[in-house]
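Enquirer: Following this message is one structure expressed as structure tokens.
The values are calculated or read from the model by the stated rules, or taken from the named source; none is laboratory data. Please read these numbers as outputs of a predicted model, since none were measured by experiment. Positions of Cβ are backbone-derived with ideal geometry, glycine not excepted, and every protein chain shown enters the neighbour counts. Side chains included, ligands, DNA and RNA excluded: accessible areas come from the protein's heavy atoms. Shrake-Rupley method; radii C 1.70, N 1.55, O 1.52, S 1.80 Å.
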Amino acid sequence: MLVPLGWLKEYVDIEVSVDEFAERMVMSGSNIETIKHYADGVSGVAIGRVVSAERMKDSDHLNVCVVDVGGASPDGGTLQIVCGADNVRRPGALVVVALPGAVLPGGFKIKKTKLRGTESCGMICSAQELGFEEKVVPVNMRDGIWLLPEGLEVGADAVEALGLGETVIDFEITPNRPDCLSIIGMAREAAAVFGKQLTRPAAREDAPGRPADGRGQASDHIDVAIERPDLCPRYVARVCDGVKITDSPFWMQMRLMFAGVRPINNIVDITNYVMLEYGHPIHAFDVRQIDGGAIVVDTAKDGETFTTLDGKERELSGDMLLINDRSKPVAIAGVMGGLNSEIVDDTQTIIVEAAGFSADSVRLTSKRLGLRSEASSRFEKGVSPELSGDAADRVCALVADTGAGDVVPGAVDRYPGKKDVAPIDVRVGRVNAVLGTSISADDMSDMLRRLGMDVNIGAGGATLTATPPHVRLDLTSEIDFVEEIARVYGYNELASTLHRDAAEATAPASWRLRELTRSALVGMGYSEIQTYSFVSPKSADDVMLPEGSGKRNFVKIINPLGEENSVMRTMLLPNMAGMLAGNYSRGNARARLFEIGNTFSPSAAELPEERLALAIGFYGGGGFYDLKGAVDVVFEKLGVSGAVYTSDPDTGSWHPGRCARIELPHGGDTITLGRIGEIHPDVARRYDIGVPVFAAELDFEAMVSASDMTRAYSPLPRYPAATLDIALLADEDVAASEIERAAYANGGGLLESVKLFDVYRGEQIAEGKKSLAFNLVYRAKDRTLTDEEVGKVHARILKDISEKTGATLREV
């Protein structure tokens, strides 16, 4: 919900800074997505008037304009500016001019320049160039400059004159708080948080000075019948005549644009304005298109078709609620109006509809038709029908106040589904027990009254009887009021206490190991990601998973949102590849990511089997051994020792010859921990990644089971080491790990470490062979080794390596 602070302050007096306001609103439970300061850093823009605009010679789109900027220009009152917008050729039009030296949003600086040899001293601005998104710019100015209304002073600072210094806060509204999908709703929250008075907008029933010209009451123009009161508990209709379709007042257009809504015309803008203000959607019909002067609210006939305002014909089912006249449907209730009754340029009399509709009905209709609108997004969360009368009256007041038309007295108000709001008893002791506070009954009462509730304190002050406002559809039980008191009191003011029956919790071993893994990988420059567990079955094809693989046996979702989220993932690799692809497509030269998440496989039990997996992936700045090093660090941190990397011929997701299977001898068995290697180039191409990608996917639960966090400490060595480097000539299929195991097996307690530091293939090496260079470190704990001692052990190691692997010392 985009909330312009200037609009909000019309209803509640907020005197604190934007940062303090945002912080206190967040601490009261109103989460904030973004804060946008329009015109932040903007300078040097002024109101100007187009004196003349002539097409530039030899150009089919550029115009040479003379613009009067009054005292804003140090060189005199007028500037010559070259502009490419067609709508600038309106002498006398008021525009926004960026003077030479001006700074626009994003730090864009304006300077004098020449276009095709013609001097241009500044820029005539569009609304987009001043920070507005294209979707909110009036249609007639979307591809041109921003034309301003009369009454503005030429030469005045445009930021101040137009109110461009607005701050807009995007609040994250949870589904249970539809009352906050409105400016008044957020003003009510702010009033409660800051202890201020809420001032509601004027919503007069009739415009003052309405001539008694015999046009009668609204009921003389329209009648309303509700055939399905279970789906439409209330319908209010009001009538305005003498309507003149034109642009809405500039102040209204600005508020709509700041709130993310495109201005259309005065009537449509007024209905949108009231929807944003009250949170109650409004619709207006051209009375000429309502046959028989009657509105009938009833469900559709199966297979009936209807063309909505977006020009699309839609097939309806018998459970979809419609707004009909005597002969035809004119709107899909709570979703969208019909093309056959829309407001057009020559509309003179309108019917203003403010109705309450079943949230479930609107939600199902919107989903089945694949049609969402601002109205449906509000109705499907719940809109109190008690608002309908006030919202209709507010529309009429704005129609009168803006000169858009005359208001016909009275209203047709059908309210068969009226329900009284039930009071709820709230125990003071219960509130304090839940929150760990000692708030008095009077203070609780004050907090609830600040939220617009009627509150009575019972005898002895032990119980409050609270009646919530009709818009608070979420307040249905005592615990809801406990939460409201906690919000107003301040979550940050609640002391951290332990329930008297609760034991202090300790994190399970697997969680501690997860934290160690995160810490290790972040320390190596990797960033953690979290991706959805719901994936597309096509993800298996995307990573070229072999057809017979058990990882193609997905757990299917019974009621998926779509094909792309219809099954539960069996591996993390497709998600990892997708995230790396996203980084690559955005021009990031390198990306290092990891994820610890659940994978799912079918089980004979009621629920699928879940196993934790670890995925690590990167591209740019590294290769296989960089990834292997990261995996080895994780193993070391988790106390997983003895892992063996074995060449894996898997040619599915992985590059053939650049993939290894990681295994671990454990308890007499061999555990497969996962795979590591370069992603197959065809897989990378499917994800539109044009560089080598390296990844590992590991069974984290297997790692947890093999973890041994026992730490044995030994003193620093007192005696020097003997270091030898050897180069062995081995067959291509001999793994370096085989040689390492043979060396350790024959080290006799004197071999401290064996490390591979080079692999060579080249002209000096026969085909089918490779050269492996190792560094061997010998050391005794109690003495300095002699050359003879080292030589004997070294010879034994070389002999065993040769017998087991066929590798021999390379002759230089």
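Enquirer: Take the Cα gyration tensor of the range 227-267, multiply each eigenvalue by 5, square-root it, and list the three semi-axes largest first, rounded to whole angstrom.
Expert: Three semi-axes, in Å: 29, 17, 7.
Enquirer: If the cut-off is a Cα-Cα distance under 26 Å, which lysines reach residue 328, setting aside same-chain residues fewer than 8 apart in sequence?
Expert: By straight Cα distance, residue 328 reaches 301, 312, 367.
Enquirer: In cubic angstrom, how much convex hull volume per residue do the alpha carbon atoms of the range 424-568 span? Spell out each step's value before the answer.
Expert: Working: hull volume 34.3 nm³, N = 145.
Spelled out: Cα convex hull of the range 424-568, divided by residues, is 237 Å³.
Enquirer: Over the range 638-783, average the accessible area per residue using a 1.4 Å probe and give it in Å², no decimals.
Expert: Values: 7850 Å² over 146 residues.
Per-residue accessible area for the range 638-783 comes out at 54 Å².
Enquirer: Between the range 564-601 and the range 160-188, what is the separation of their alpha carbon centroids in Å?
Expert: 35
Enquirer: So for the chain, what are the equivalent ellipsoid semi-axes in whole Å, largest first, each being the square root of 5 times an eigenvalue of the Cα gyration tensor? Walk me through the numbers on the way to the answer.
Expert: Numbers: eigenvalues 899, 280, 161 Å².
Computed over the chain, the values are 67, 37, 28 Å.
Enquirer: Let me make sure I get this right: for the range 524-570, a, b and c are the square roots of the gyration tensor eigenvalues over alpha carbons, sorted descending. Under 1.5 in a/c it's rounded, otherwise prolate if a/b > b/c, else oblate. Which is it? Display every interim value, and only then the final one.
Expert: Working: a/c = 2.44, a/b = 1.28, b/c = 1.90.
Note, shape of the range 524-570 comes out oblate.
Enquirer: Probe radius 1.4 Å, ligands and nucleic acids left out: which of 170, 688 has the largest accessible area, and how do the rest follow? Please list the in-between numbers first.
Expert: Working: 170 40, 688 120 Å².
Most to least solvent-accessible, the answer reads 688, 170.
Enquirer: Dividing the Cα radius of gyration by the Kirkwood radius, what Rg/Rh value follows for the range 645-699?
Expert: Using Cα coordinates only, the ratio equals 1.08.
Enquirer: Using unit Cβ charges (K, R positive; D, E negative) and no other charged atoms, how large, in debye to the nearest 20, is the dipole of the chain about its Cα centre? Provide the component values of the computation, followed by the final result.
Expert: Working: 85 positive and 118 negative charges, 291 e Å.
In debye, rounded to 20, the chain gives about 1400.
Enquirer: Principal axis extents for the range 569-631, Cα atoms only, whole Å, descending order, please.
Expert: Here the Cα extents, ordered largest to smallest, are 45, 27, 13 Å.
Enquirer: Before rounding to the nearest 500, sum -39500 (n - 2.57) across all DSSP H runs of length at least 4 in the chain and divide by the residue total; then give [θ] at 222 nm in deg cm²/dmol.
Expert: -7500 deg cm²/dmol
Enquirer: Need the list of lysines near residue 538 for cross-linking: C-alpha distance under 23 angstrom, and skip anything on the same chain fewer than eight residues off.
Expert: Counting by Cα, and skipping residues close in sequence, residue 538 has these lysines nearby: 551, 556.
Enquirer: Which of rounded, prolate or oblate describes the range 616-766 when judged by the alpha-carbon gyration tensor and an a/c cut-off of 1.5?
Expert: Working: a/c = 1.93, a/b = 1.31, b/c = 1.47.
Because a/c hits 1.5 or more and a/b fails to exceed b/c, the range 616-766 counts as oblate.
Enquirer: Percent of accessible area on the range 674-724 owned by carbon and sulfur, 1.4 Å probe? The partial results should precede the final answer.
Expert: Details: 1570 of 2920 Å².
Carbon plus sulfur share of accessible area: 54 percent.
Enquirer: Any chance you could look up the accessible area of residue 635 with a 1.4 Å probe, heavy atoms only, rounded to 10 Å²?
Expert: 10
Enquirer: Additional query: On a straight-distance basis, which lysines could pair with residue 799 in a cross-link, Cα separation under 28 angstrom, same-chain partners fewer than 8 positions away excluded?
Expert: 755, 769, 770, 781
Enquirer: Another question, if that's okay. Could you state the per residue volume, in Å³, of the convex hull enclosing the Cα atoms of the range 523-676? Display every interim value, and only then the final one.
Expert: Details: hull volume 22.0 nm³, N = 154.
In the range 523-676, the Cα convex hull volume per residue is 143 Å³.
Enquirer: Using a/c under 1.5 as the rounded threshold, could you call the range 1-121 rounded, prolate or oblate? The axes a ≥ b ≥ c are square roots of the C-alpha gyration tensor eigenvalues, and prolate needs a/b larger than b/c, oblate otherwise.
Expert: Working: a/c = 2.80, a/b = 2.72, b/c = 1.03.
Note, shape of the range 1-121 comes out prolate.
Enquirer: Pop out the carbon and sulfur fraction of the accessible area of the range 102-251 as a percent, whole number, probe 1.4 Å.
Expert: Numbers: 3410 of 7050 Å².
Roughly 48 percent of what the probe reaches on the range 102-251 is carbon or sulfur.
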